[in-house]
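Notes follow the structure.
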């Protein structure tokens, strides 16, 4: 039967296991699961939300983008028309006027593209968008201007991000053409709203690089503590002395 390892050795083993577990936990909780890869290439039929068209494959993101742009117009155009009467600041009225014109011009291409691709467009804003419209109807003066600008800016930013994503992945020529026009309209709308000086600053979001640096720093710290514990335990371990054997004259060892 082997003797139990000395205490410093046991301590060192515990520290090594703790380090491994800490590194695995940091890696698990710091990075989300990998996203399922998007399907690429032409489709020969309806499969998982993809369908073949004469303009290229049509995917779920393509359809969602057409719907989102149409719904943006369904609540922003009425609010823009309302703002031309109710807004207190000239800059807000000017931004609202430009918004109405741009979205009205974009509505035709969106409907035509959806019709050619068989995408059903909504006829009403989402419940959340309808709630925003009701919220604005109860405000006046400077409060109306601030709420209007920030609601419109938030909506345009979200829709623009969706359009930009489609531009980066779509393989459908009709969708790409109308997405380019939509991106111009939405980015222009964002600039005009920001020029009013009423857009609230967005909360800071930790970047991927900062998150990686934080995780790496924590891992290095745990590893350094382990190394320190190892050397400290090694210094405390008693030295083993070989027994002294005396050999007298005339005796054989």
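Every number here is computed from the coordinates shown, using simple stated rules; none is lab data. It should be emphasised that the depicted structure is a prediction, and the values quoted were computed from it without experimental measurement. Counting neighbours? That spans all protein chains shown, and the Cβs are built from the backbone with ideal geometry, glycine included.
The table that follows gives values for the structure above.
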{"item": "Length gained when the stretch residue 154-residue 200 is fully extended (0.36 nm per residue, less Cα-Cα span)", "result": "15.6 nm"}
{"item": "Point-to-point label distance, residue 168-residue 139, nm (Cα→Cβ direction, 7 Å offset)", "result": "3.1 nm"}
{"item": "Cα gyration tensor category, rounded, prolate or oblate, for the stretch 64-135 with a/c compared to 1.5", "result": "oblate"}
{"item": "Neighbour-count ranking [beta-carbon atoms within 10 angstrom, fewest first] of 169, 110", "result": "169, 110"}
{"item": "Estimated translational D of the stretch 60-194 in µm²/s (Stokes, Kirkwood radius over Cα pairs; 25 °C; 0.890 mPa s)", "result": "164 µm²/s"}
{"item": "Two-site FRET efficiency, residue 177 against residue 88, from Cβ-Cβ distance with R₀ of 41 Å, rounded to 0.05", "result": "0.60"}
{"item": "Highest average packing first - 127-136, 94-103, Cβ atoms within 10 Å", "result": "94-103, 127-136"}
